[in-house]
1. Under the 0.36 nm per residue contour assumption, what length would be gained going from the current alpha-carbon distance of Q147 and T171 to full extension?
2. Measuring from label point to label point, each 7 Å out along Cα→Cβ, what is the T95 to D60 span in nm?
3. So, how do all the Cα-to-Cα distances of region 74-151 break down into 5 Å bins, in percent, from 0 on up?
4. Rg/Rh for region 56-110 to two decimals, with Rh computed the Kirkwood way over all alpha-carbon pairs.
5. Of S117, S76, which has the most accessible area and how do the rest follow, probe 1.4 Å?
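The values are calculated or read from the model by the stated rules, or taken from the named source; none is laboratory data. It should be emphasised that the depicted structure is a prediction, and the values quoted were computed from it without experimental measurement. Heads up, the Cβs are rebuilt from the backbone with ideal geometry, glycines too, and the neighbour counts pull from every protein chain shown. For the accessible areas, the whole protein counts, side chains as well, though only heavy atoms, and no ligand, DNA or RNA atoms are used. Shrake-Rupley method; radii C 1.70, N 1.55, O 1.52, S 1.80 Å.
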Amino acid sequence: MFEVRMRRLTASSAAAMLLLSTAGCVKEISSDERLERDTRSVAVKDTPGIAELSKVTCDDTTEPLTKARNVNRPESDRLVDYVQLYSSLKDRTHTFEDAMARNPDLSYREGSQALVSAKDTCIQQTADVRVEFETYLRELVDVPTVQEIKGGNTVTVARLDFATLRKAIETLDPDDRESLMQRVGAAEKRVSTAPAAADDAAGGKRRTK
């Protein structure tokens with residue numbers, strides 16, 4: 001009788017231990033799963049909310065575009081304006097897209113329609129400015145030098161600052177980026193090294209070659 005009771009007790013203890021062990025396994029998560037959970041939690045926490053995103057707008061492109069389009073300004077300055085405007089629009093678009101990707105609820109909360117509309121405006125403005133920026137950039141790459149009379153001689157000078165032109169190509173980052181860079185390098189070799197020509201390398205309105 002005593003042996004029967006001991007076997008029952010042992011069986012009950014084993015069952016209890018198995019239950020506790022199983023329960024413990026259910027609660028445990030791997031280190032990778034824990035990292036993903038914590039990272040997701042931090043990402044949502046750090047994501048700008050509706051209040052922050054509502055301050056982001058891409059409706060303010062009229063003035064900078066007017067400056068960039070002004071043919072009476074030096075071409076280096078015009079190109080810098082395109083670079084700055086395009087970069088700014090890209091950053092603002094990324095702010096919307098990144099925030100909504102991290103926290104999809106932002107697209108469905110009260111007042112979210114205004115955010116979605118603002119994001120769409122940024123996307124469209126970025127695309128429109130890119131087209132205009134790229135058109136002007138390729139025009140400059142096609143004709144990067146001009147002919148001027150210096151001391152009775154015709155010399156080849158830069159239409160604009162080549163460093164600015166390279167920066168613009170890097171910012172736009174087109175598929176043929178390397179080809180454009182090579183063409184700028186070739187143009188730079190053609191430019192006269194005469195001091196008089198170098199002084200005018202910033203490039204205003206000149207007769208193009």
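1. The Q147-T171 span can extend by a further 5.8 nm.
2. It is 0.9 nm.
3. 3, 14, 18, 16, 12, 10, 8, 6, 5, 3, 2, 1, 1, 0, 0
4. 1.19
5. Order by accessible area, largest first: S117, S76.
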